[in-house]
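Trainee: I'd like to ask you about the structure that follows.
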Amino acid sequence: MYARRVRAGLRGWGGVGAMALVCALAVAFALLLPHTQDHPDGSTGAGGRGGAEGTLAKADACEDPEAQSLTPATVEGPATAAVKKRGYLSVGVDQNSFRWGYRNPNSTAETVELEGFDIDLARRIAEELLGSPDRIRFKAIPTNQRVPAIQSGQVDMVVRTMTITCARLKDVAFSAPYFLTGQQVLAPNSSPVKGYDDTLAGKRICSAAGSTAYEKLAADRASGNLPASADISTTVPSQLDCLVRLQLGQVDAVVTDSALAASQAAQDPTVQLKGKRFTTEYYGVAMKKDATDLVRRVNRILADYRQDGGWKASYDKWLSPTLGRDSESATPPTPRYK
């Protein structure tokens, strides 16, 4: 009853600050989210001080992390067999990223289902593996818990705007990339911040703990490509928490994936993207390192999803309003395998 009253009070994105706060609190519980009928419980700017745009990838002898996945196949092995035996797919997702994975506050339904670009993809994987897009259980996973959730077996995979990096490839396996993005700055309209450059001097910058945004900020400040006076100490469990901090005046700017930043700017007309994206990154579906058969199967599903128009239809529905039909992100990345 309380949840219905809260939702009613937050109708429309005009209440985005309050909505973001509610969502941020909700993530902390990491609740098992709705699910299935079969199982009802069931981010050019200047790139710093004159730095150029580049792929964010740190690693010992690792280059092009987005090209390190396995070739597609339909073989069934232990990982896929376990999912089929259980009867549902367990997927770690976000529940508060507008148009990616979120509960729509404008919904009039009694039970507000998760929706968005990542949710569409997760349901497509469930449909191909198990015959129905509803044979799935979603679990809210904070940004900094995505890798642990996979390693511990809490979820079979994470479909949550997760960037493929060389560092993460040491801990989890990734599918081929399904989305092109990069880091970008978000700040109030009236802010003197112009992008990822010297205008960040003395500014308080928020990023999500365990994110590629924080890694980039820390590396660039250490190397001198970010002003030493930039305060990057504010990190939060989930990226939307940064928007809340920005709205409350607790930070001056946010650094996150450009796709997420665009969605947040669409929610709140008092903030805007500053400068262009200053890295090139790719999202992938993350799975356990030894789940090779599941990785190959997901790559086959992704190939079909690109070819049959499913990917494009989902982009047009969810992301075109914020990123545009002519964006370089409006076309799925061409996969390369190792």
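Trainee: Which translational diffusion coefficient, to the nearest whole µm²/s, is obtained for region 115-262 from the Stokes-Einstein equation, given a Kirkwood hydrodynamic radius over C-alpha pairs, 4 °C and 1.567 mPa s?
Mentor: The Stokes-Einstein estimate is 77 µm²/s.
Trainee: Follow-up. Say each of Ala330 and Val75 gets a label point 7 Å from the Cα, pointing the same way as Cα to Cβ; how far apart are those two points in nm?
Mentor: Result: 4.0 nm between the two label points.
Trainee: Say R0 is 45 Å: what FRET efficiency, to the nearest 0.05, do Thr270 and Ser152 get from their beta-carbon distance? Show your work: numbers first, answer last.
Mentor: Details: r = 39 Å, r/R0 = 0.87.
The formula returns an efficiency of 0.70 here.
Trainee: Let me ask you something else. With the cut-off at 28 Å, tell me which of the pairs Lys288/Lys317; Lys139/Lys289; Lys203/Lys276 have Cα atoms farther apart than that.
Mentor: Lys288/Lys317
Trainee: With the crude spin-label approximation of a point 7 Å out along Cα→Cβ, what separation in nm comes out for Asp304 versus Asp290?
Mentor: Using points 7 Å along Cα→Cβ, the separation is 2.8 nm.
Trainee: Hey, how many Å between the Cα centroid of region 179-206 and the Cα centroid of region 255-269?
Mentor: 12 Å
Trainee: Same structure again: First check a/c for region 95-162, with a ≥ b ≥ c the square roots of the eigenvalues of its C-alpha gyration tensor; if it is under 1.5, answer rounded, and if not, answer prolate when a/b is larger than b/c or oblate otherwise.
Mentor: Oblate, since a/c reaches 1.5 and b/c is not below a/b.
A short reminder: the numbers here are calculations on the coordinates, not readings from a lab. Every value quoted in this text rests on a predicted model; they were computed, and no experiment measured them. Methodologically, a virtual Cβ is constructed for each residue, glycine included, from the backbone with ideal geometry; neighbour enumeration extends over all protein chains shown.
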